[in-house]
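For reference, the structure is listed below as structure tokens.
The values are calculated or read from the model by the stated rules, or taken from the named source; none is laboratory data. Predicted, not measured: the structure shown is a model, and the values here were computed from it. When we count neighbours, we look across all protein chains shown, and the Cβ atoms used for this are built from the backbone with ideal geometry, even at glycine. The protein model used for the area step is the full one, side chains on, heavy atoms only, and it has no ligands, DNA or RNA in it. Shrake-Rupley method; radii C 1.70, N 1.55, O 1.52, S 1.80 Å.
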Amino acid sequence: STPMILNDPESPGDEVVYLALNDRMFALQTDGTLIYDSPTGLPATVDGAFRNVIGINYQAQADVVMSLAVNGELIVKDRATGENALNDQFYQVPGEATPPGAPPALPPPVIAAAEQIFKRFVNLGSLTFLEFIDALLGNGRRVVNDFGVDQRSGRIWIGGTAPDGEDGVVDGVSEFGALYGIDLVESGGKYDAVEACHYSFAGGTASTPTLNQSGTRIYIGDNFGKLVAIDTSDCSEIWATDVG
């Protein structure tokens, strides 16, 4: 994920750098001094391509930093201490993986040459060039884009896949995309992540959910060239238009 920098409320004028990895989250002072190195608890048995973390975000109401894995696990940490802020180890975003998709129609020598260049310039561990293309296209994934936070209400917005069956067939894969609104509800000194609503649509989404300034609408794009505006209070569709 891209590092996130926040002002340090305990030391006015200073800043703290936060970095999320699949197995742990760091907080460091800008001189490199480690504040904490906190494990995420994500299952190590998950295939490497699905353990990658997309994005890191902050929610002011609970004072937490969060990261989201490709497999749909939302990690929520206390900003100051790095301790798990959820009653559960993580929140599993509903939805099954998308269908695998057809492989690129490229000659094997081209793929082999691209793989060599890919390994030189992209540091994604065991992820191969073809797996990277799959990730860009959203094939075989639950989440392929960054997530948003409404700093007015604290609601977390995640673009992913719809629960199995909402596409009309219970088969272990999801043909539909979905936008989820997730609230952090205080319980026993920590928080439960609770789905407030979700909006399903045909095809997946390759866009990060984007809020308007007032926090009343959120916008996403689908796989078929549509831009959709959604009411943040109940996930109802306001309008959808084909952008051509």
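Counting Lys and Arg as +1 and Asp and Glu as -1, what is the net charge of the other residues whose Cβ lies under 12 Å from the Cβ of Leu86? Here the charged neighbours net out to -4. Its relative contact order, with pairs defined as Cα atoms under 8 Å and 6+ residues apart, puts the stretch 124-206 at 25 percent. Our estimate of slack between Ser236 and Ala196, defined as 0.36 nm per intervening residue step minus the Cα-Cα distance, is 13.2 nm. For the stretch 50-113, the spherically averaged projection of the C-alpha convex hull amounts to 6.8 nm².
A helix-only calculation puts the chain at -3000 deg cm²/dmol for mean residue ellipticity at 222 nm, using -39500 (n - 2.57) for each DSSP H run of at least four residues, averaged over all residues. For the stretch 98-162, dividing the convex hull volume of the Cα atoms by the residue count gives 103 Å³ per residue.
For the stretch 175-244, rounded, prolate or oblate, judged on the Cα gyration tensor with a ≥ b ≥ c (square roots of eigenvalues), a/c < 1.5 rounded, else prolate if a/b > b/c? Judged from the Cα gyration tensor, the stretch 175-244 comes out prolate (a/c at least 1.5, a/b above b/c).
Positive-end ranking of Gly159, Tyr91, Ala114 along the dipole of the stretch 77-172, with charges on Cβ about the Cα centre, is headed by Ala114.
Once backbone amide H atoms are built at 1.01 Å from N, Ile56 has Thr2 as its partners under 5 Å, excluding neighbours fewer than 5 places away on the same chain. Sorting Val228, Val110 on solvent-accessible area from highest to lowest, probe radius 1.4 Å, gives Val110, Val228.
Among beta bridges from DSSP that stay inside the chain, the antiparallel ones total about 95%. Whole Å is fine, so just give me how far the alpha carbon centre of the stretch 57-73 lies from that of the stretch 85-161. Answer, in whole Å: 17. Taking a probe of 1.4 angstrom, what is the accessible area of Arg217 in Å², to the nearest 10? We get 80 Å² for Arg217. The overall shape of the chain is oblate: from the C-alpha gyration tensor, with semi-axes ordered a ≥ b ≥ c, the ratio a/c is 1.5 or greater and a/b is no larger than b/c.
Relative contact order, whole percent, for the stretch 1-123 stands at 15, derived from Cα pairs under 8 Å and 6 or more residues apart.
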